[in-house]
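The values are calculated or read from the model by the stated rules, or taken from the named source; none is laboratory data. A quick note: this is a predicted structure, and the numbers were derived from the prediction, not measured. Glycine gets a Cβ as well: all are built from the backbone with ideal geometry, and neighbour counts include every protein chain shown.
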Amino acid sequence: MNILMFGPNGSGKGTFGAVLSDRFGIPQVETGVIFRDNISKGTPLGKEAKTYIDKGELVPDGITIPMILSRLMEKDCAKGWLLDGFPRNKTQAVAFWDALQKEKIKMDYVVELILDRDTAKKRIMGRRLCPKDNNHPNNIYVKANLPVEKDGKLYCRVCGSPGLLTRADDQDEAAIDKRHGIYFDTNTGTLASVNYFKERVKVIQVDTVPGVKEVTENLFKLVK
Ligand code: AMP
């Protein structure tokens, strides 16, 4: 099973990508994660990518395209993959489509997570991290994930820990706006890439305004 997943930053690509990757037993290949791994290991690729990522810009296609194509050739991808975060512009979409045709690889599903720009931004800026467990969902703008408030202080909704934290890049409004600018650009950006695929394959659209449970159920109905 080969799945391509699109969605603006804040739409839950990571969350729903993991859900589908578990369901079908395929690796979730996330471009952002590959870059972040390289940055934390201090590799030459990481050093170069960091200069772009810190500004909310795309890492150049000359680096990103070969990196992803070779990642999909690795052993764990032999039975399929879920690709998240690539392609992010039209050039990457064309290069990717051409590579798939050349290798005679079929894409089973293209999933587009739908979320408007304002809501996506609020979701990013509203994220709060539990100091005990990063997987405890807390978000001051998402009704289903509101932290507990007592005497003006916030506590983790799952374990009650005090001292909820924010991730620095979640609060960088300029970088968020830049990333969303690239995503919602229908001329050359990520939506141009989605439209390019729409001309070639069926793209499944899933509204991500409802909660995680409902979106997961909808995904399972459509992707099988
Ligand atoms: P993400 O975690 O998917 O939001 O990605 C974090 C950052 O990595 C992005 O803001 C870009 O700077 C970079 N990045 C991720 N995917 C790509 C891509 N397909 N092409 C170029 N840069 C990317």
Q. If we keep just the residues of region 199-224 that are in contact (Cβ under 8 Å) with a residue 60 or more places away in the chain and farther than 30 Å from N145 by Cα, which is surrounded by the fewest Cβ atoms within 10 Å (Cβ to Cβ)?
A. K202
Q) Has region 11-23 got at least one residue that is outside any helix (DSSP H, G or I) and either in contact (Cβ under 8 Å) with a residue 24 or more places away in the chain or buried (at least 18 other Cβ atoms within 10 Å of the Cβ) (or both)? A) yes
(Q) Being near the ligand (Cβ under 7 Å from one of its atoms) and of a type in the set (D, E) is the filter here; which residues of region 25-43 pass it? (A) E30
Q: From (1) within 11 Å of the ligand (Cβ to nearest atom); (2) closer than 18 Å to D170 by Cβ, pick out the condition that doesn't hold for G17.
A: (2)
Q. Got at least one residue in region 78-97 being more than 27 Å from T186 (Cβ to Cβ) and among the hydrophobic types (A, V, I, L, M, F, W, C)?
A. yes
Q: May I ask you to list pairs of residues, at least six apart or on different chains, whose Cβ atoms are under 7 Å apart, with the first in region 91-102 being on the phi < 0 side of the Ramachandran plot and the second being at pLDDT below 95 and assigned to a helix (DSSP H, G or I)?
A: T91/D61; Q92/D61; Q92/T64; Q92/I65; A95/I65; A99/L69
Q.
Just to verify a result, which residue in region 69-83, among those that are without any contact (Cβ under 8 Å) to a residue 24 or more places away in the chain and either assigned to a helix (DSSP H, G or I) or within 16 Å of F197 (Cβ to Cβ) (or both), is nearest to the ligand (Cβ to nearest atom)?
A. S70
Q | Residue ranges of helices (runs of 4 or more DSSP H) in region 139-224 with at least 3 members of a type in the set (D, E, K, R) and under 27 Å from A93 (Cβ atoms) | A | 173-183
Q | Where F86 falls short, out of the listed (1) within 14 Å of the ligand (Cβ to nearest atom); (2) out of contact with any helix residue (DSSP H, G or I) (no Cβ under 7 Å at 6 or more places or on another chain); (3) assigned to a loop (DSSP other than H, G, I, E, B) | A | (2)
Q: Search region 167-183 for residues that are in contact (Cβ under 8 Å) with a residue 60 or more places away in the chain and pair each with any residue that is within 12 Å of the ligand (Cβ to nearest atom) and of a type in the set (K, R) when their beta-carbon atoms are under 8 Å apart and the residues are at least 6 apart or on different chains.
A: A175/K55; K178/K55; I182/R88; Y183/R88
(Q) I need a count of the residues in region 147-182 that are touching a Leu at 6+ places or on another chain (Cβ under 7 Å) and under 24 Å from F6 (Cα atoms). (A) 2
**Q.** Unmet requirement for I3, which otherwise passes all of (1) within 15 Å of the chain's Cα centre (by Cα); (2) within 13 Å of the ligand (Cβ to nearest atom); (3) not in a helix (DSSP H, G or I); (4) not acidic (D, E)
**A.** (2)
Q: Considering only region 53-62, state which residues are within 8 Å of the ligand (Cβ to nearest atom), free of Cβ contacts under 8 Å to residues at least 24 places away in the same chain and assigned to a helix (DSSP H, G or I).
A: I53
Q: Report yes if Q92 is of a type outside the set (S, T, Y), near the ligand (Cβ under 10 Å from one of its atoms) and farther than 19 Å from V215 by Cα, otherwise no.
A: yes
Q: Would you check if L129 is under 18 Å from S21 (Cβ atoms), buried (at least 16 other Cβ atoms within 10 Å of the Cβ) and either within 15 Å of the ligand (Cβ to nearest atom) or over 17 Å from the mean Cα position of the chain (by Cα) (or both)?
A: no
